[in-house]
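This report concerns only the one structure given below.
The values are calculated or read from the model by the stated rules, or taken from the named source; none is laboratory data. Quantities reported herein were computed from a predicted structural model and do not represent experimental measurements. Positions of Cβ are backbone-derived with ideal geometry, glycine not excepted, and every protein chain shown enters the neighbour counts.
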């Protein structure tokens, strides 16, 4: 076993149990069950930070390895991933004002291999062309192979400075590497220097996926949750945030287990003592699933200015997002100013957009 393999397996081995709570959606909140307040709150302006798009120039294979019983669902997902019209229509259907769009290498079959530089350039060119035609409704994150060393950093610089993309989308892991690997440092250093956010997205780990296969879809979610959490722990424990004080990363709700560990939950006491402060400075998390209890936990650990609206469209096609998010944020006890920060203000600020 290589040292990289051992390091990664040690990192991810103890995270799974704390993540199972993300799979259960609570019932309507106490506040909702007792009726609305006398004076209705202003409608939130929601910017969905977690949106995927492959486009018509590529073939989307999301869900390709899922059981036959789920294939019709994934066919619908892949159709949406390649449809510009469906992407744009989803903004109005969800009742939001904008989406922040990314293109996962995983969805075009390149996550575990070495994506050709030309492929990545074409992905970024397509996305930049799309968002340029829909200003204020779509914002784009560059795609790079984060573990591609200096070449990835050069493409990120091009995508931001020449194409106008406003952040970067990276995979939590590749093979035996997590984001504290030296191969990923050029991409992270460039993002910090450019002042752009890094969206750290889950991927499936083959060994964990095989181990959890009997739990079907929940097992897949648990696998991806563990990897997303492991990537965040790696950044904290590996000293990446110490070396790159300007680095800002966004994780999904599935990484809530890592936040619990940084806050001292269970074995979290083994983490470095300044882990909560590091997370508070460098880490943002989305609201995927719109679970009030998890949003409240994220706010308590990171602050309302580090939580972002995000739905994982079109893996999950949330309708009435604004209404549901507003109810959830009110149930969390957030005032109207903090509700608007979570809904869209924090995302726009991260992307460097004046409000």
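If you go through the stretch 175-185 one residue at a time, do you hit one that is more than 23 Å from residue 342 (Cα to Cα) and without any contact (Cβ under 8 Å) to a residue 12 or more places away in the chain?
Within the stretch 175-185 (the criterion being more than 23 Å from residue 342 (Cα to Cα) and without any contact (Cβ under 8 Å) to a residue 12 or more places away in the chain), the answer is yes, since at least one residue qualifies.
Scan the stretch 237-256 residue by residue and report those that are part of a helix (DSSP H, G or I) and either within 17 Å of the chain's Cα centre (by Cα) or closer than 25 Å to residue 68 by Cα (or both).
Result: 253, 254, 255, 256.
Yes/no per residue for (1) in a loop (DSSP other than H, G, I, E, B); (2) surrounded by fewer than 17 Cβ atoms within 10 Å (Cβ to Cβ); (3) over 20 Å from the mean Cα position of the chain (by Cα); (4) at pLDDT 95 or above:
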{"position": "258", "(1), (2), (3), (4)": "no, no, no, no"}
{"position": "272", "(1), (2), (3), (4)": "yes, yes, yes, no"}
{"position": "319", "(1), (2), (3), (4)": "yes, yes, no, no"}
{"position": "338", "(1), (2), (3), (4)": "no, no, yes, yes"}
{"position": "347", "(1), (2), (3), (4)": "no, no, no, yes"}
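Right, residue 337: out of contact with any helix residue (DSSP H, G or I) (no Cβ under 7 Å at 6 or more places or on another chain) and over 26 Å from residue 241 (Cβ atoms) or not?
yes
Got a number for residues in the stretch 236-247 being touching a helix residue (DSSP H, G or I) at 6+ places or on another chain (Cβ under 6 Å) and crowded, with 17+ Cβ neighbours inside 10 Å?
Of the residues in the stretch 236-247, 4 are touching a helix residue (DSSP H, G or I) at 6+ places or on another chain (Cβ under 6 Å) and crowded, with 17+ Cβ neighbours inside 10 Å.
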